[in-house]
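The values are calculated or read from the model by the stated rules, or taken from the named source; none is laboratory data. Keep in mind that what you see is a predicted model, and the values were worked out from it rather than measured. Cβ coordinates were reconstructed from backbone atoms using ideal geometry, including for glycine residues, and neighbour counts include every protein chain displayed.
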């Protein structure tokens with residue numbers, strides 16, 4: 001009798017433990033990006049070299065938009081790869097744009113010098129562009145096809161191979177089903 | 001060096017905890033008292049080594065020893081010394097160490113105080129305490145090591161989260177941890193009694209005082225957390241039903257239920273299984289709370305680091321639940337033979353109802369908290385349950401509880417006579433109804449607030465009326481004056497009057513919650529310099545923006561001149577602080593409290609500093625200050641209840 005009661009108790013508790021364990025299989029912060037497959041929000045970026053870059057003027061090109069900050073370790077991790085990809089591809093129809101956010105101008109410039117970044121970079125001091133793109137942690141990168149549609153979003157640091165592959169898809173207008181993820185992102 | 005000493009202290013303490021776990025088993029096989037004595041020594045030894053480890057971490061924090069990873073992430077060279085010390089509970093690893101430290105202080109106290117008492121149970125009590133301690137030590141030694149080193153050694157640390165640099169944050173975590181840890185003691189006694197099959201009431205009386213102490217710290221921890229939220233977070237609220245808040249609040253419910261139902265067991269030898277279950281649930285919820293906050297399985301505004309520690313806590317939670325309830329189910333035969341309720345109208349039935357309400361509240365809050373998991377596991381849809389669910393479900397339950405607070409303590413045990421009911425409740429009920437009627441005619445037309453205010457008055461009236469009757473009796477018997485009679489009553493019957501004072505405190509909190517939940521006014525407007533906004537009896541005039549570079553951030557404040565009913569009442573300057581590495585600015589709200597209402601100003605945005613336009617949010621929250629005053633009264637009541645007074649005769653207790 002006592003054993004039956006004990007077994008019943010155990011049988012009642014196990015599902016509770018099970019459902020809590022299930023929690024580990026999912027990411028509570030994961031929200032499927034509603035932005036993939038939609039037209040890229042327009043922006044005009046004040047570049048560090050004094051020029052102004054308007055996204056609208058880039059239609060017909062494949063655009064790579066990367067949000068970063070100097071204090072973010074995964075941004076540093078991908079910086080060399082991004083610059084290398086840009087140097088390899090800059091003769092093609094691809095445009096790289098770096099958007100610096102939540103940062104000071106001084107630190108941002110030092111970062112650009114440190115990694116010899118040569119593609120267009122500008123600041124988003126009010127965070128407006130980041131909000132329009134729904135940036136939650138950095139780095140986050142958006143791939144835009146020649147028609148101005150976002151085809152892919154990547155959260156976390158990127159390697160050269162992914163950059164090349166996803167730019168290729170963007171050129172052909174192939175929309176990814178899901179956003180991608182790097183190993184780590186910074187949230188401050 | 002510090003790190004080495006600290007780390008090895010934890011390892012040594014862990015080995016002692018292992019010994020504490022097996023020695024009572026060996027002792028019961030072998031029969032030699034030496035094994036039991038060594039259990040006690042193992043606890044005292046753990047106390048020494050955990051204290052040493054904690055001292056090492058505090059020393060490393062104070063001397064900013066940046067070779068330790070934990071120090072780097074929780075201090076900077078510029079951090080003032082007191083915030084360096086509080087860095088001990090600034091993050092996961094240190095918090096766990098503090099928890100273990102408090103646990104072993106409590107365990108040491110138990111081992112020391114009950115050296116001569118509960119001889120049969122003590123080895124098993126200490127064994128359970130050693131098991132809990134061993135769990136925390138294993139986490140500290142192998143899963144989240146506070147003494148982990150970092151290389152290369154950085155020149156300066158990263159510092160605490162700026163939101164944690166606040167005086168209330170100094171006290172909030174230790175208060176909560178003390179409350180959580182305090183619940184381990186009754187749990188250990190309960191388990192020991194179950195293991196030995198020795199289920200008389202001796203041990204349960206012993207645990208009562210520990211439970212009151214734990215309950216007090218839990219209450220204060222939650223209130224200070226609410227105060228911090230109101231005072232620092234700058235959204236004008238004090239409770240959001242966030243999973244982490246629920247985690248801290250949930251153990252409070254079974255602990256409160258236990259404090260009441262244990263009196264029924266004491267008096268009437270009823271509810272044994274029920275009381276044991278409440279203790280187990282309360283303890284399991286403290287582990288569950290930590291699991292919830294540290295595993296990251298639910299999304300919460302409280303940004304805590306995740307890691308493997310969640311899995312370890314879940315495993316321990318499984319062991320606690322299966323082991324405890326398994327044993328309880330196995331032993332339930334020993335717990336039979338309880339007398340039945342004599343009458344539906346009696347104090348024990350009021351306490352029983354109180355328990356049902358508290359456990360229902362616990363169940364609904366628990367369900368709401370883990371609902372996102374259930375819904376995603378069963379339907380694959382992400383659903384989260386917000387404040388509206390919790391409010392609509394818990395408000396009626398808590399109001400019923402307030403009613404029971406007025407009824408329960410004044411009813412007779414066994415069977416309340418008609419005379420007893422008439423004498424104790426006629427006048428208080430009449431006073432409350434009259435008050436409710438006046439409120440209804442004059443101001444309050446909504447059902448729940450009206451009920452809340454009326455019930456609050458009813459509880460206060462029953463307490464005052466009962467005390468007045470008792471004082472009149474004292475005057476007749478001993479000729480004492482008002483103050484003398486009050487003192488004698490409180491001294492003769494500490495637990496009863498302590499409890500009644502705590503009830504008064506809860507009533508004040510009820511008033512504060514009812515007022516601030518139901519009658520808050522919220523306005524938002526964008527103002528140019530010189531423009532003003534009228535809210536209630538206040539007129540708020542915008543005087544301009546000021547910006548200034550601070551050492552760690554840039555601060556923009558709006559200056560607002562407030563007048564109430566035409567009288568000047570000073571300027572308020574809510575601000576926004578821009579930290580270079582923070583996503584959003586940190587708001588610094590400004591508020592002023594009076595007994596009738598709080599006015600709370602939040603600067604929610606502004607144009608460029610030169611153009612001088614500001615967006616202001618104003619909240620008027622009636623009666624809110626009574627929540628904090630209620631906390632003070634609860635503290636007072638607890639002191640009255642547990643203050644050690646030598647008694648000549650064993651006082652008649654209720």
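Observations
- Given (1) touching a helix residue (DSSP H, G or I) at 6+ places or on another chain (Cβ under 8 Å); (2) touching a residue at least 12 places away in the same chain (Cβ under 8 Å); (3) not in a loop (DSSP other than H, G, I, E, B), index of the condition residue B:73 fails: (1)
- Filtered residues of the stretch A:113-136 (kept if touching a strand residue (DSSP E or B) at 6+ places or on another chain (Cβ under 6 Å) and over 15 Å from residue A:44 (Cβ atoms)): A:119, A:135
- Of the listed requirements (1) touching a residue at least 40 places away in the same chain (Cβ under 8 Å); (2) part of a helix (DSSP H, G or I), residue B:85 misses just one: (1).
- Residue in the stretch B:337-348 that is modelled with pLDDT under 80 and within 12 Å of chain A (Cβ to nearest Cβ) present: no
- Residue identified as at pLDDT 85 or above, over 24 Å from residue B:139 (Cα atoms), assigned to a helix (DSSP H, G or I) and away from every other protein chain (no Cβ under 14 Å) among B:232, B:262: B:262
- If the condition is being more than 7 Å from chain A (Cβ to nearest Cβ), surrounded by 14 or more Cβ atoms within 10 Å (Cβ to Cβ) and either within 30 Å of residue B:403 (Cα to Cα) or modelled with pLDDT under 85 (or both), then the stretch B:318-336 contributes B:331, B:334, B:335.
- When residues in the stretch B:265-292 are screened for being surrounded by fewer than 21 Cβ atoms within 10 Å (Cβ to Cβ), within 13 Å of chain A (Cβ to nearest Cβ) and either at pLDDT below 80 or touching a helix residue (DSSP H, G or I) at 6+ places or on another chain (Cβ under 6 Å) (or both), 1 of them pass.
- Number of the condition not met by residue A:9 [criteria: (1) touching a helix residue (DSSP H, G or I) at 6+ places or on another chain (Cβ under 6 Å); (2) away from chain B (no Cβ under 14 Å); (3) under 30 Å from residue B:372 (Cα atoms)]: (2)
- Scan of the stretch B:44-65 for residues that are at pLDDT 90 or above and part of a loop (DSSP other than H, G, I, E, B), ordered by number: B:63
- Condition met for residue B:388 (modelled with pLDDT under 85, away from chain A (no Cβ under 14 Å), farther than 27 Å from residue B:499 by Cβ and part of a helix (DSSP H, G or I)): yes
- Looking only at the stretch B:415-441, and only at residues there that are surrounded by fewer than 18 Cβ atoms within 10 Å (Cβ to Cβ) and in a loop (DSSP other than H, G, I, E, B), the one that is farthest from the chain's Cα centre (by Cα): B:417
- Single condition residue B:550 does not satisfy, out of (1) surrounded by fewer than 16 Cβ atoms within 10 Å (Cβ to Cβ); (2) modelled with pLDDT of 85 or more: (2)
- One residue from B:240, B:247, B:315 being at pLDDT below 85 and either farther than 19 Å from residue B:635 by Cα or under 16 Å from the mean Cα position of the chain (by Cα) (or both): B:240
- Residues considered: B:444, B:457. Of these, the only one that is at pLDDT below 85 and buried (at least 18 other Cβ atoms within 10 Å of the Cβ) is B:444.
- The residue list B:361, B:387, B:412 contains one member that is closer than 30 Å to residue A:20 by Cα and surrounded by fewer than 20 Cβ atoms within 10 Å (Cβ to Cβ), which is B:387.
- Among the candidates A:111, A:22, residue that is assigned to a helix (DSSP H, G or I), in contact (Cβ under 8 Å) with a residue 12 or more places away in the chain, within 14 Å of chain B (Cβ to nearest Cβ) and farther than 15 Å from residue A:141 by Cα: A:111
- From B:41, B:37, residue being out of contact with any helix residue (DSSP H, G or I) (no Cβ under 8 Å at 6 or more places or on another chain), at pLDDT below 90 and closer than 21 Å to residue B:119 by Cβ: B:37
- Summed over the stretch A:43-79, residues that are closer than 16 Å to residue A:124 by Cβ, within 14 Å of chain B (Cβ to nearest Cβ) and assigned to a helix (DSSP H, G or I) total 1.
- Residue that is modelled with pLDDT under 85 and in contact with a helix residue (DSSP H, G or I) (Cβ under 9 Å, 6 or more places away or on another chain), where the choices are A:28, A:34, A:42: A:28
- Criterion (more than 35 Å from the chain's Cα centre (by Cα) and modelled with pLDDT under 90) met by exactly one of B:522, B:480: B:480
- The residues listed here are B:123, B:146; of these, the one that is assigned to a loop (DSSP other than H, G, I, E, B), crowded, with 22+ Cβ neighbours inside 10 Å and over 24 Å from the mean Cα position of the chain (by Cα) is B:146.
- Matching residues, the stretch A:140-163, being under 17 Å from residue A:77 (Cα atoms) and more than 14 Å from chain B (Cβ to nearest Cβ): A:141, A:154, A:155, A:156, A:157, A:158, A:159, A:160, A:161, A:162, A:163
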